[in-house]
Amino acid sequence: MLAGTACSHASRTVDGAKGPRIVAVAEAEYSGPSGDALETACRNWRLSDRDVARFFELSERYEESPYSAFYQVPCSISGRIEAEGKAWEFVIDGGGTAIWSHENETRYFGCSAQACESLVLMPTDLMNPE
């Protein structure tokens, strides 16, 4: 269970009964040190349109970044998505967090569902030391 305000503001739906439409998905981008083991993993990480849609279906939405409950991985996949009549830019981090941006609006997501493990590079354990 997440601690703090992030948990109390989470919701399971991304776009109500109608799901978002994935417009574009780019290849993964690595931003860590050269030669790190994650560099190869990032280069091989791929998400299809269907994978991106599934990630957001499984994700919880947060009022603020759920940063402290997920691993921060120097690899991300970005793209465009249409939802609620708006075109959003999205970024999915290899650790299971994501952001949607549209003009001055930002939405935060985190995917801790077991089904997300196959969609990210480093699934969360919600920072549980056990």
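Every number in this text was worked out from the coordinates using simple rules, so none of it is lab data. Worth saying up front: this structure is predicted, and the values here are computed from it rather than measured. So basically every Cβ, Gly included, is an ideal-geometry build from the backbone, and we count neighbours across all protein chains shown.
Taking every alpha-carbon pair under 8 Å whose residues sit at least 6 apart, the range 20-118 reaches a relative contact order of 31 percent. Between the alpha-carbon centres of the range 23-53 and the range 59-75 there is a gap of 17 Å.
The label point for residue 78 and the one for residue 23, both projected 7 Å from the Cα toward the Cβ, are 1.4 nm apart. For the range 20-118, the mean projected area of the C-alpha convex hull, equal to one quarter of the hull surface, is 6.4 nm².
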